[in-house]
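The values are calculated or read from the model by the stated rules, or taken from the named source; none is laboratory data. Source: prediction; values computed, not measured. Cβ placement follows ideal geometry from the backbone for every residue including glycine, while neighbour counts extend to all protein chains displayed.
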Amino acid sequence: MTRHRRNDQTQGETRADDDAVARQPRKLKPFARDARLRTRRQLDYVKARGTRRPGRYCVVAVAEPGDGQRRVAIITSRRYSPRAVTRNRARRLLREAYRLLLPGLKPAWIVLIPRQAMQTAKLNDLLPEMQRALTGLGVLGQTAAGSAGAAEEARS
């Protein structure tokens with residue numbers, strides 16, 4: 001059997017293109033498996049060695065990274081709400097706020113826990129609070145906090 005390829009492409013070009021794609025560095029997605037805190041041990045590490053900053057809408061806990069990478073966990077239990085749709089909304093809001101602040105974050109392990117007030121909150125309410133918390137914990141730079149606010153205003 002022969003391998004199908006486009007008529008205008010020679011076999012040499014195909015291999016060169018594949019090599020170029022393989023050599024490009026992978027762009028790490030903000031919530032990929034390697035970018036999340038996934039084990040009980042990792043969460044206990046943040047709890048034991050980290051610093052917490054409670055706010056009106058969420059609690060932010062930050063610890064020095066055990067592996068030098070930036071990782072995040074969002075903990076939303078049934079204690080927050082027995083309704084899955086409410087817990088999922090809280091996760092979506094926290095993920096979006098984290099994604100907007102991501103460019104200015106230093107490597108750290110971050111745990112985000114929603115509070116009851118988040119059930120009625122909008123992203124515009126949550127984002128400034130997370131900026132203050134992460135800046136106060138030394139994980140977010142001052143310039144990044146301003147650029148995330150500008151990015152959010154541009155989206156609105």
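Structural remarks
- The set of residues from segment 69-88 being assigned to a loop (DSSP other than H, G, I, E, B) and under 11 Å from the mean Cα position of the chain (by Cα) comprises just one member, Arg70.
- Residue that is nearest to Ile75 (Cα to Cα), among those in segment 118-138 that are out of contact with any helix residue (DSSP H, G or I) (no Cβ under 9 Å at 6 or more places or on another chain) and in contact (Cβ under 8 Å) with a residue 24 or more places away in the chain: Ala133
- Every listed requirement among (1) in contact with a Pro (Cβ under 7 Å, 6 or more places away or on another chain); (2) without any contact (Cβ under 8 Å) to a residue 24 or more places away in the chain; (3) of a type outside the set (A, V, I, L, M) is met by Gly68 save one, (2).
- Residue check, Arg38 farther than 14 Å from Val139 by Cα, not hydroxyl-bearing (Ser, Thr, Tyr) and not in a helix (DSSP H, G or I): yes
Let's see how each residue does on (1) surrounded by 19 or more Cβ atoms within 10 Å (Cβ to Cβ); (2) in a strand (DSSP E or B); (3) at negative phi; (4) within 16 Å of the chain's Cα centre (by Cα):
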residue	(1), (2), (3), (4)
Tyr45	no, no, yes, no
Ala48	no, no, yes, no
Arg56	no, no, yes, no
Ala61	yes, yes, yes, yes
Asp67	no, no, yes, no
Ala90	yes, no, yes, yes
Leu93	yes, no, yes, yes
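- Whether a residue is of a type in the set (Lys, Arg), surrounded by 11 or more Cβ atoms within 10 Å (Cβ to Cβ) and at pLDDT 95 or above was assessed, and Arg78 does not pass this test.
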